[in-house]
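The next block holds one structure in the form of structure tokens; read it before the comments.
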Amino acid sequence: MLAEELEPGMDELFKRLIPDFMNWQGATPDEINKVNQIIKKISGNDMPKFYRWFLIRMGKSMGKFSYRDMDYSLASVLSWYGEGFEYDGSKLFKIGHTSEPELELHMYYDFNYPARDDARVTMRRADGGEDYKEFETFREMLATKAAQIHAVRFPVFCTGTMLNENDILPLLDPLMDRLGLKKPDIPTGLRCGLYAGSQATIVTTGTLDLGAESCGFVLGGIDASSLRTVLGAIETETSFILKVKDDPRRLRDS
């Protein structure tokens, strides 16, 4: 199956938001099959559909989208799970290798928590220890980063947090739609909100530890007025407690 058939929403999002996306390097079918055999040994199932899309599109190179301190390449995965790999009984599969020796927190799929043709991603040390739950899915992690990059490329942007007694996104969805900020056709949970328009883009994120009633956000716009329009609508039309960390009236370099 072609990448665009696996994840049409992610394909459309990346082509629109990341200019050099189609120049990245994907893995070969044989390489992907090798990784799939490892995943089947660990999880008992084939790799998530999203991870297959990821390897097809950027298994060898993520271009300028690469994470500074984390290597998600297929070569890194195959190096970690070499000939002497022995299954330890967990359902954790390492997808990202850190280059930060002080932290030594690598990124793992946790196949105990499958979701939306994908699975939870969590950070932990290679020798075990505490898990730092990151995103409900790897898809949401990458989509959020792409949308955040897009948001801060606007002439003006700000960051902040939203708090509410109940889940935030069910209330935010209709409001953003009325403002002309549309959600991409990507399945997400209650912590990941992606809303993009010609005048502004807002991205919400929240770790699994915090819950869906607390989200951080990045908001970018063509000018300070466009940011105040979005922030004002949230403040006046919802019960959210909104805390803006950066003054939206101050122009920021992207």
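FYI, it's all coordinate maths here, none of it is from the lab. Values in this document were obtained by computation on a predicted structure and should not be read as measured data. Cβ sites come from the backbone with ideal geometry, for glycine too, and all protein chains shown count toward neighbours.
Things worth noting here:
- Charging the Cβ of each Asp and Glu at -1 and of each Lys and Arg at +1, and nothing else, the dipole of the stretch 1-121 about its Cα centre rounds to 220 debye.
- Note on the chain: with charges restricted to the Cβ of Lys and Arg (+1) and Asp and Glu (-1), its dipole about the Cα centre is near 580 debye.
- Radius 13 Å from Cβ of P174, net charge of other residues (Lys, Arg +1; Asp, Glu -1): 0
- Computed label-point distance, nm, for sites L2 and L171 using a 7 Å Cα→Cβ extension: 4.3
- Over the Cα atoms of the chain, the radius of gyration divided by the Kirkwood radius equals 0.99; this is the Rg/Rh ratio.
- Paramagnetic label zone (point 7 Å from Cα along Cα-to-C-beta, R178; backbone N under 17 Å) in the stretch 158-172: 168-172
- Scattering curve values for the stretch 80-231, log₁₀ I(q)/I(0), Debye with Cα scatterers, q = 0.12 Å⁻¹: -0.58
- Here the Gaussian network model covers the chain, with springs between Cα atoms less than 10 Å apart; of K94, K182, K15, K15 fluctuates the most.
- Shown here for the stretch 132-169: GluC sites (Glu not before Pro) in loop regions (DSSP other than H, G, I, E, B) with at most 12 other Cβ atoms within 10 Å, namely E165.
- Note on the chain: dipole from Cβ charges, positive end direction compared against G180, F50, T161; the farthest Cα belongs to G180.
- Net charge of the neighbourhood of W53, taken over other residues with C-beta under 15 Å away and scored Lys/Arg +1, Asp/Glu -1, is -4.
- Taking a Cβ cut-off of under 12 Å around D110, the surrounding Lys, Arg, Asp and Glu residues balance to a net charge of +1, with basic ones at +1 and acidic ones at -1.
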